[in-house]
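Novice: Please find one structure pasted underneath; my questions will follow.
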């Protein structure tokens, strides 16, 4: 996976898969951290109080290096991992998928569960809008009033944004720039007296 870009989902999407008499409902959604995922998955589970399980997987990190899969009481490896595999096959990160199951009275066996959870996740992800995002890095910039507009222009030209700015004895700004841009702009900014503190 490229380190300057990543793929994720935009917005929420759902998929339904029926296996024999059981129904599997999957929801895919973007996340920024684990706590956010937990609250969304919990709400999803609460929307389906009659469901037997809320199984899930999530992936985080610019390099998709943090992840978790949970079977929520289903036989080990039959729910969370098939969901995770579907997300990985699309190269996604900052994404979560939760699947609720309504038991239809017929046991599906391990192979049946693996297929059903994977299919529900696949359908939800198929309906999702997948977007490519640029990995950003943050910094705090300080400069004189005479340099602020030029610095602001540099940030905009390079696809960055100013998150917050403060004007006191001098100007300071918290900025976000595409990864690698800071190193590129540092020599120019140093010459102009712009101090840079990476975050």
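Just so it is clear, none of the values below were taken in a lab; they were calculated from the coordinates. All values derive from a computational prediction rather than experimental measurement. In this analysis, Cβ positions are derived from the backbone assuming ideal geometry, glycine residues included, and neighbour counts consider all displayed protein chains.
Novice: Nearest 10 degrees is fine. How inclined is helix 181-191 to the longest principal axis of the chain, computing both from alpha carbons?
Specialist: 10 degrees
Novice: Something else now. Give the calculated FRET efficiency between residue 186 and residue 42 to the nearest 0.05, with a Förster radius of 41 Å applied to their Cβ-Cβ distance.
Specialist: 0.40
Novice: So what does the Cα-only Debye profile of segment 136-198 read at q = 0.14, 0.15, 0.26 Å⁻¹, as log10 I(q)/I(0), no solvent term?
Specialist: -0.31, -0.36, -1.18
Novice: Also, I was wondering about something else. Taking the Cα atoms only, what angle lies between the long axis of helix 145-157 and the longest principal axis of the chain, rounded to 10 degrees?
Specialist: 40 degrees
Novice: Same structure, new question: Report the FRET efficiency, 1/(1 + (r/R0)^6), for residue 110 and residue 135, where r is their Cβ-Cβ distance and R0 is 41 Å, rounded to 0.05.
Specialist: Step by step, r from the Cβ atoms, then E = 0.60.
Novice: Another question about this same structure. Round to the nearest 10 and give me the degree value, 0 to 90, for the angle of helix 80-89's Cα axis relative to the longest principal axis of the chain.
Specialist: 50 degrees
Novice: Separate question: With an 8 Å Cα cut-off and a minimum separation of 6 or more residues, compute the relative contact order for segment 54-167 in percent.
Specialist: Across segment 54-167, relative contact order equals 23 percent.
Novice: Give me the number: length gained by fully extending residue 174 to residue 12, i.e. 0.36 nm times residue separation minus the C-alpha to C-alpha distance, one decimal in nm.
Specialist: Contour length minus the Cα-Cα distance gives 55.3 nm.
Novice: Let me ask another. With an 8 Å Cα cut-off and a minimum separation of 6 or more residues, compute the relative contact order for the chain in percent.
Specialist: Reported relative contact order: 26 percent.
Novice: So what is the calculated 222 nm ellipticity per residue for the chain, using -39500 (n - 2.57) for each DSSP H run with n of 4 or more, over all residues, to the nearest 500 deg cm²/dmol?
Specialist: Computed ellipticity for the chain at 222 nm equals -10500 deg cm²/dmol.
Novice: Which length gain, in nm to one decimal place, applies between residue 35 and residue 52 when the Cα-Cα distance is subtracted from 0.36 nm times their residue separation?
Specialist: Using 0.36 nm per residue and subtracting the Cα-Cα distance, I get 3.8 nm.
Novice: For segment 1-105, what is the Kirkwood hydrodynamic radius in Å, using each pair of distinct C-alpha atoms?
Specialist: After inverting the mean inverse Cα-Cα distance, the result is 13.9 Å.
Novice: Given that compact globular proteins tend to follow 2.2 N^0.38 Å, what is the ratio of the alpha-carbon Rg of the chain to that value?
Specialist: 1.36
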